[in-house]
Amino acid sequence: MKKIIECMEAVIKDAFTASGYDEKFARVNVSNRPDLCEYQCNGAMAAAKTYKKAPIMIANDVVGKIKESKIFSQAEAVNPGFINLKLNPEFLASYLNDMQADENLSAEKAESPKTIIIDYGGPNVAKPLHVGHLRSAIIGESLKRMGRFLGHRVIGDVHLGDWGLQMGLIITELKKRSPELVYFDQTYEGEYPAEAPFTVSELEEIYPTASGRSKEDEAYKNEALEATLELQQGRRGYRALWKHIMEVSVADLKKNYEKLHVDFDLWKGEADADPYIPDMVAYLKDKGYAYPDQGALVVDVKEESDAKEIPPCMILKSDGASLYNTTDLATIVQRMEDYHPDEMIYVVDKRQELHFIQVFRCAKKAKLTEDDTQLAFVGFGTMNGKDGKPFKTREGGVMRLERLISEINEEMYKKIVENRSVKGDDAKKTAEMVGISAIKYGDLSNQASKDYVFDVERFTSFEGNTGPYILYTIVRIKSILERYREEGKNPEEGKMLPAANASEKALMLELSRFNSVIAPAFEEKAPHKICSYIYDLANAFNSFYHETKILSSENEVQKTSWIRLLVLARDVLETCIDLLGFEAPERM
Ligand code: ARG
């Protein structure tokens, strides 16, 4: 469906042309003086220079030509040359009726759908999920949903960190503890046991112990590095251990992501890129992109316009081991082969920006992608505590994701029980739903690249710019619709009439903006734009609600129209929160 601004611009364009002016001046914007008008066109000001005329004369000419248009109830030229516009309530109502009938609620599907891979989540196997991975999961999931809503083919890949030193550390620590395990016997040629020699909680203890020891003990660290290299080079026993670590760890990760309503199409990781490395390295060398530098293999990626020095991209270390760069480049090769994507989007901590500059430049320079394959880095800021430092537990330790989620859920549970609207098991489920909205909205309502303060009290509040406030608004709408149903009527039938009062019109105007918000939000990879839209929309709804006696109205036709407006508001709000990655309960 055409955007409502485009409908207005079409009329204004005709008016400019009919008055002898270029239609390029016919731009319409949301008014910055809502007390005077809803929309405005400032084109007469710009046209004045071209036509050497007073802007007000041009504005008057144009207004003279739009007087009869059915779209506007008011079109006024005001000094020095603004054109102030108000939408005709009839037109607005018919626009919203069309919107309700549209399968995508007026949002247009992409004309040429793209294949897009979103690389997000990025947890490291064997290390517990911590809040640092929360942002990637939340932002990536939202971008994936937005892309799909707009008709793109979006593939979400968790891209596990499963090939690095942490694997060597775990292997080393296991060897110290149980050297008798068959995995360490190099002469062993039989099958390895199906069962892992550790549980997930043991694993979670083993890694930090090993990591701590390696920081104090040089020899231990070297052993771990050696084990990492041997694993990567294919030592049988280590590969078998690696598989165990993966199984145990991935099952646990899946459980956690499920709780967050985050799900991935691909559970690939750095290790999956490994088979692509030898050929890629040979190619980079053959074509002269990579050259040896102090024993290592590197590709130059600096550009003349660089303000600061961009160091070469290291492909292999001097001992031949692959690096984070190597697996990321090989993953690009793998993705091009498997999916031939038009775009790859990486949702990663912004402190990794340099890494991605190097990787992207290297991929482009060496033609590992097509020339027009887009590689995008969505770098996000840190989630801080109230002290402005990275979010920690009350005791000052690293906050595990599981714990954060359960703390939020408890907080929500208390509030919901206080409200006494839902009880028992239902209250638990509701608390979980509202808890997710608190976490996700709290995160997504900030521009991704900025650091933000994770404020439990504020995020879980039912008032203000929060997830629970949005859900509360939706639940309010649903409960009115429920009561309407109890009157034996069907809220899904009937039409919206022109607005009966100012707050109703304001709500209608907000609803009509939906399709002008979603596509640009995706284009700019900016879920926060959806948040600010639904916050405005929820506010507009609540003002309307407080001023209007909906169910007790005696005028049945009017009542039906308001119910239809509520249905549309519910649909738009629920669509938007789905794009953000959470949902609303029936009651709360
Ligand atoms: N595992 C990495 C980390 O925890 C993030 C992975 C991001 N994705 C990528 N393709 N490099 O830092």
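Numerical summary
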{"read-out": "Residue among P89, S406, I4 farthest towards the positive dipole end of the chain, charges placed on Cβ", "value": "P89"}
{"read-out": "Contact order normalised by residue count of the chain, Cα under 8 Å, 6+ apart, percent", "value": "14"}
{"read-out": "Dipole of the chain, positive end: most advanced residue of I277, Y472, Y346 [Cβ charges, Cα centre]", "value": "Y472"}
{"read-out": "Relative contact order (%) - segment 363-469, alpha-carbon pairs under 8 angstrom, separation at least six", "value": "30"}
{"read-out": "Order of W562, W267 under a 10 Å beta carbon neighbour criterion, fewest first", "value": "W267, W562"}
{"read-out": "Segment 282-325 and segment 89-155: distance between their alpha carbon centers, rounded to Å", "value": "36"}
{"read-out": "Calculated FRET efficiency for the pair D349/L181, C-beta based, R₀ 35 Å, to 0.05", "value": "0.50"}
{"read-out": "Stretchable slack from E407 to E547, in nm (0.36 nm times residue separation minus alpha-carbon distance)", "value": "46.7 nm"}
{"read-out": "Candidate aspartates and glutamates - alpha carbon under 15 Å from K559, same-chain residues fewer than 8 apart omitted", "value": "E482, E486, E487, E492, E493, E504, E547"}
{"read-out": "Partnerless Cys - the chain, beta-carbon criterion under 4.7 Å", "value": "C7, C37, C41, C531, C576"}
{"read-out": "Structure-based [θ]222 nm, the chain - -39500 (n - 2.57) summed over DSSP H runs of at least 4, per residue, nearest 500", "value": "-17500 deg cm²/dmol"}
{"read-out": "Globularity index of the chain, i.e. its alpha-carbon radius of gyration over 2.2 N^0.38 Å", "value": "1.17"}
{"read-out": "Label-to-label distance, nm, for residues given as D425 and Y339 (7 Å Cα→Cβ offset)", "value": "3.8"}
{"read-out": "Total charge dipole magnitude, the chain, about the Cα centre, Cβ charges on Lys, Arg, Asp, Glu only, Debye to nearest 20", "value": "1700"}
{"read-out": "Assigned charges on the beta-carbon of Lys, Arg, Asp, Glu; segment 112-155 dipole about Cα centre (debye)", "value": "120"}
{"read-out": "Positive dipole terminus of segment 497-588, leading residue within F541, N515, L580 (C-beta point charges)", "value": "F541"}
{"read-out": "FRET efficiency for D265 and A54, using Cβ-Cβ distance with R0 set to 51 Å, rounded to 0.05", "value": "0.30"}
{"read-out": "Length gained when the stretch E418-A219 is fully extended (0.36 nm per residue, less Cα-Cα span)", "value": "65.9 nm"}
{"read-out": "Share antiparallel - DSSP beta bridges, the chain, percent rounded to 5", "value": "50"}
{"read-out": "Rounded to whole Hz, the Karplus (6.51, -1.76, 1.60) HN-Hα couplings of segment 304-319, x for glycine and proline", "value": "4, 7, 4, 7, 10, 4, 9, x, x, 8, 7, 9, 9, 6, 5, 7"}
{"read-out": "Least to most buried among R239, R420 (fewest other Cβ within 10 Å first)", "value": "R420, R239"}
{"read-out": "28 Å Cα-Cα threshold exceeded, pairs from K317/K367; K215/K302; K86/K495; K243/K367; K24/K53", "value": "K215/K302; K243/K367"}
{"read-out": "Two-site label geometry, E457 and N104: point separation in nm, points 7 Å out along Cα→Cβ", "value": "4.4"}
{"read-out": "Cα-centred dipole magnitude for segment 366-405, charges only on beta-carbon of K, R (+1) and D, E (-1), debye, nearest 20", "value": "480"}
{"read-out": "Residue exposure sequence - V453, V281 - by fewest surrounding Cβ within 10 Å", "value": "V453, V281"}
{"read-out": "Mean separation of Cα contacts under 8 Å (6+ apart) over length of segment 1-137, as relative contact order %", "value": "18"}
{"read-out": "Above-threshold pairs, the threshold being 28 Å between Cα atoms, out of K429/K478; K423/K505; K114/K350; K144/K285; K255/K428; K176/K389", "value": "K423/K505; K144/K285; K176/K389"}
{"read-out": "Set K3/K489; K127/K259; K109/K549 screened for pairs whose C-alpha atoms are more than 26 Å apart", "value": "K3/K489; K109/K549"}
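Only the coordinates and a few stated rules stand behind these numbers; no lab work does. Every value quoted in this text rests on a predicted model; they were computed, and no experiment measured them. So basically every Cβ, Gly included, is an ideal-geometry build from the backbone, and we count neighbours across all protein chains shown.
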